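The values are calculated or read from the model by the stated rules, or taken from the named source; none is laboratory data. Bear in mind the structure is a predicted one, so any value in this text is a computation, not a measurement. Virtual Cβ from ideal backbone geometry, glycine too; neighbours counted across all protein chains shown.
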Amino acid sequence: MRFPGISASVLDVVGQTPLVALDRLSAGLRARVLGKYEAANPGLSVKDRPALQIIEDAERTGVIKPGDTVIERTSGNMGTGLAIACALKGYKLVIVMSAGNSLERQKAIKALGAKIVLVPQVNGRPGQVTGDDLKAVERVTNELTVKLKAFRADQFKNRSSVKAHYTGTGPEIWKQTGGKVDVYVGVVGSSGSFTGIVRYLKKKNPNLRAVVVEPTAASILSGKRKTPGRHKLQGVGYMEIPQLYDPGLVDEFISIGDAEAMRTARKLARTEGMLVGYTAGANVAAALRVAKRAKRPMNIVTILCDSGMKYLSTGLFD
């Protein structure tokens, strides 16, 4: 028997996340900074959206059927989202990730029933995954995809990642702001969220400004860096240009260092009561920079990518 207000499964609660005004952090500024709180998703991150979209699109096109194996390379958040979807839909899941990603991410994926293949780091440090580490993970993923005859989710190339945000996150932001969003600020990892959200918002408001946030040590999209550097922001700044990235959507680049990202994440916890990760800290730090120079009232929207619970072992809140 079905009852109004009862979800059929946890997959039904992916998306429709709150947009929270960070008025304490932006007190005294003309502009208002609004954070899309993606930790409200079942897997505690923004990646639940594209994970579900990829699986459901593959089902609709007949690419996969229950009992098949799904495989993906990930820093952890996409792996968690896929693990939830695969657990509910009856797929085996193999996640390939660098040993440099946080322990909490590894444990969450295992708890959800997926198999994890950890790839030793090439030249990174724990908590700092480099471009070389990512290349090593990619090689192992390619080998296992062939060996296992698996369906690769391939978030870095799969356009379902963009679709999830163009049809979901972008419209949610537009509705939640009443169509009054002036600037979008966000990191570029696989670029699914940035491309999907900005493409939708610019369709609704051609005057919207879109700002890409990059780690200072890996500012490749802006052209500031040509060689890789270490940084703590997980899931972004791998020193490669994602296939889903559309430079024509970008109006500005802002580089954020580890210290500023960590400091802002800690302020979010202590000032706004919101426990988020390194990358969300970088997003908000960049949004506050934009807000500080604003000469008129405006709404600046950014993504709070995931929960700080995934980083308790990393020293972020020490």
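Of the residues making up the stretch 296-306, just one is in contact with a Gly (Cβ under 8 Å, 6 or more places away or on another chain) and not in a strand (DSSP E or B), namely Cys305.
With respect to the conditions (1) under 16 Å from the mean Cα position of the chain (by Cα); (2) surrounded by 19 or more Cβ atoms within 10 Å (Cβ to Cβ), Met262 lacks only one, and its number is (1).
Please work out which residue is surrounded by the fewest Cβ atoms within 10 Å (Cβ to Cβ), limiting yourself to the stretch 210-245 and to residues that are polar (S, T, N, Q) and closer than 21 Å to Lys47 by Cβ. The selected residue is Gln243. The condition (being under 15 Å from the mean Cα position of the chain (by Cα) and under 21 Å from Asn77 (Cα atoms)) is satisfied by just one residue among Glu240, Glu214: Glu214. Of all residue pairs spaced 6 or more apart or on separate chains, those with beta-carbon atoms under 9 Å, a first member in the stretch 4-22 that is touching a residue at least 24 places away in the same chain (Cβ under 8 Å) and a second member that is of a type in the set (A, V, I, L, M, F, W, C) and assigned to a loop (DSSP other than H, G, I, E, B) are Thr17/Val46; Val20/Met274; Leu22/Met274. One residue alone among Leu11, Leu34, Leu52 is outside any helix (DSSP H, G or I) and at pLDDT 95 or above, and that residue is Leu34. From the list Phe317, Phe253, the lone residue that is over 18 Å from the mean Cα position of the chain (by Cα) and among the aromatic types (Phe, Trp, Tyr) is Phe317. Considering the stretch 105-114, and only residues there that are buried (at least 16 other Cβ atoms within 10 Å of the Cβ) and in contact with a strand residue (DSSP E or B) (Cβ under 9 Å, 6 or more places away or on another chain), the residue that is farthest from Tyr311 (Cα to Cα) turns out to be Ala114. Of the helices (runs of 4 or more DSSP H) lying entirely inside the stretch 185-295, those containing at least 1 residues that are acidic (Asp, Glu) and either free of Cβ contacts under 8 Å to residues at least 40 places away in the same chain or in contact with a helix residue (DSSP H, G or I) (Cβ under 9 Å, 6 or more places away or on another chain) (or both) span 258-267. Candidates Arg139, Arg159: the one that is basic (Lys, Arg) and out of contact with any Leu (no Cβ under 9 Å at 6 or more places or on another chain) is Arg139. Listed by position, the helices (runs of 4 or more DSSP H) enclosed by the stretch 83-183 that each have at least 2 residues that are closer than 23 Å to Val63 by Cα, in contact (Cβ under 8 Å) with a residue 24 or more places away in the chain and not assigned by TED's automatic domain parsing to the domain that holds Pro206 are 131-148, 160-164. With respect to Thr69, determine if the residue is more than 30 Å from Gly315 (Cα to Cα), of a type in the set (S, T, N, Q) and in contact (Cβ under 8 Å) with a residue 60 or more places away in the chain. Judged against the criteria, Thr69 is a match.
Under the condition of being among the hydrophobic types (A, V, I, L, M, F, W, C) and assigned to a helix (DSSP H, G or I), which residue from the stretch 37-49 is surrounded by the most Cβ atoms within 10 Å (Cβ to Cβ)?
Top of the filtered list is Ala39.
Filtering the stretch 138-184 to residues that are surrounded by 21 or more Cβ atoms within 10 Å (Cβ to Cβ) and out of contact with any helix residue (DSSP H, G or I) (no Cβ under 7 Å at 6 or more places or on another chain) leaves Thr141, Phe156.
Just one of the listed residues (Arg159, Arg125) is modelled with pLDDT of 95 or more and within 30 Å of Lys226 (Cβ to Cβ), namely Arg159. In the stretch 22-39, the residue that is farthest from Leu82 (Cα to Cα) out of those that are of a type outside the set (Ser, Thr, Tyr) and under 13 Å from the mean Cα position of the chain (by Cα) is Lys36.
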